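Asks: Once you've had a glance at the structure underneath, I'll fire off some questions.
No lab work stands behind these numbers, since they all come straight from the coordinates. None of these values were measured; they are calculated from a predicted model. Cβ coordinates were reconstructed from backbone atoms using ideal geometry, including for glycine residues, and neighbour counts include every protein chain displayed.
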Amino acid sequence: MAEVVLQGVSKAYAGRPTVHAVDLTIADKEFMVLVGPSGCGKSTTLRMVAGLEDITAGRLLIDGADVTHAAPQKRDIAMVFQSYALYPHMTAFRNMAFGLLKTTDLGKAEVDRRIREAAEILHIGHLLERKPNQLSGGERQRVAIGRALVRQPKVFLFDEPLSNLDAKLRTRMRGELKRLHKELGLTVIYVTHDQIEAMTLGTRVAILSEGRLQQVGAPMELYMHPANTFVATFIGTPEMSLLRCAVRPEGNGSLLQHERFLTALPARPDAAEVFLGVRPEEILISQSAEGITRGIVERTELIGSEALAEILIGRDRVVARMPISEAPESGEEVSLTFDFGRARLFDATNGRALTSI
């Protein structure tokens, strides 16, 4: 396996930038996930690593070698696509063998050994003589992954490989990919638009928006300490609620003033206007008069043993999570308290995270 380093990597089409100077290092044996909304540049970035897109500016290093302008076959990578890209007239065995027989000098015995070994790892040994139309979506994806495994590349690239599967199968395949990474020590760069996939698979996650890298970190670091309002609202289901507040100096601290509440802060944020960010589990509601403010429940959604309540506080909306037994009714007025020990402040002008409360 190998380290992958992107140094100021950019991409422009007809002079129009789509990926802006991405600096990112993927460590040896790391599972790095690139995540973001559609059109954010994550797949383009992956394709530049693969050599399927030219790099407009910057450098790409794999295992210390500069491969910025190297042909794809010279990069020692293997890619798994969303569409599986299997040959319909070939068996699973032939699909897995085809690339090895065409691009390497390996003998048939070694090719056979690699395929049998990969099939055992992926639990598809009994499927090797079947053609793609005889396989389920999950089985086809395993064959596509097996085709990458047999090449024994330095880096594995995955471009939204689970998006064509149903929810139950996606969950199972996530577990399989986690197992493969752990057991085989793979270096993986994985693209998805699904933040749940990103948070469950990645040892680290890189979040992109409009072609720019927003934050890189371990999943819980991104969840607990987002760098800006984009990351705060992109990571987490439901997303973090943001309430616009003014900041006024008060003694050694400050006052945080919302249109519906006023509270003291021990710190002095370096901004006159901020967003107070609170996650659903950091909002406590009750029917009593106690609380920092009051709001009107617009709707309640029941999700198994828990409930989500969307509450209107002045012109702002927040989403609170609670046990289903404590779920309020729509139209009900409730008291709210925020866990200021975990809440965050963001500069309302540029969205940047400020010092903790």
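Asks: What are the extents of the Cα atoms of segment 220-357 along their three principal axes, listed from largest to smallest and rounded to whole Å?
Replies: 41, 32, 23
Asks: If the cut-off is a Cα-Cα distance under 27 Å, which lysines reach Lys42, setting aside same-chain residues fewer than 8 apart in sequence?
Replies: Lys11, Lys29, Lys74, Lys154, Lys168, Lys178, Lys182
Asks: Right, something else. What are the principal axis extents of the Cα atoms in segment 143-285, in Å, biggest first?
Replies: 66, 31, 27
Asks: Still on this model: How many nm separate the modelled label positions at Asn350 and Ile292, each set 7 Å beyond the Cα in the direction of the Cβ?
Replies: Computed distance between label sites Asn350 and Ile292 equals 2.5 nm.
Asks: Which far-off residues, 5 or more places away or on another chain, put their amide H under 5 Å from the one on Ala307, with H placed in the peptide plane?
Replies: Correct list: Met322, Ile324.
Asks: Given labels modelled 7 Å from the Cα in the Cβ direction, how far is it in nm from Glu221 to Glu120?
Replies: Computed distance between label sites Glu221 and Glu120 equals 3.8 nm.
Asks: If I model the chain as equal point scatterers sitting on the Cα atoms and use the Debye formula, what is log10 I(q)/I(0) at q = 0.08, 0.09, 0.10 Å⁻¹?
Replies: Relative scattering, expressed as log10 I(q)/I(0), comes to -0.51, -0.63, -0.74.
Asks: Okay, moving on. Given the C-alpha centroids of segment 147-208 and segment 270-301, what is the distance between them in whole angstrom?
Replies: After rounding, the separation between the Cα centres reads 36 Å.
Asks: Classify segment 51-181: rounded, prolate or oblate, from the alpha-carbon gyration tensor (a ≥ b ≥ c, eigenvalue square roots; a/c under 1.5 rounded; otherwise prolate if a/b is larger than b/c)? Spell out each step's value before the answer.
Replies: Numbers: a/c = 1.93, a/b = 1.33, b/c = 1.45.
Here segment 51-181 falls in the oblate category.
Asks: Here's a follow-up. Just the Cα atoms of segment 124-188, one point each, no solvent: what log10 I(q)/I(0) does Debye give at q = 0.19, 0.22 Å⁻¹?
Replies: So the normalised log intensities are -0.79, -1.05.
Asks: Let me ask something else about it. Rounded to the nearest 20 debye, what is the charge dipole size of segment 241-347 about its Cα centre when +1 sits on each Lys and Arg Cβ and -1 on each Asp and Glu Cβ? Each step should come with its number before you reach the end.
Replies: On the way: 12 positive and 18 negative charges, 69 e Å.
Taking the Cα centre of segment 241-347 as origin, the dipole is about 340 debye.
Asks: What value, in deg cm²/dmol to 500, does the helix sum -39500 (n - 2.57) over DSSP H runs of n ≥ 4 give at 222 nm once divided by the residues of the chain?
Replies: Values: 8 runs with 86 residues, N = 357.
It comes out at -7000 deg cm²/dmol, rounded to the nearest 500.
Asks: Which FRET efficiency, nearest 0.05, do Asp66 and Ala27 yield, Cβ-Cβ r, R0 25 Å? It would help to have the intermediate numbers written out before the result.
Replies: Details: r = 18 Å, r/R0 = 0.73.
The value I calculate is 0.85.
Asks: Okay, moving on. For the chain, give the magnitude of the charge dipole about the Cα centre (Cβ charges: +1 Lys/Arg, -1 Asp/Glu; no others), in debye to the nearest 20.
Replies: 1360
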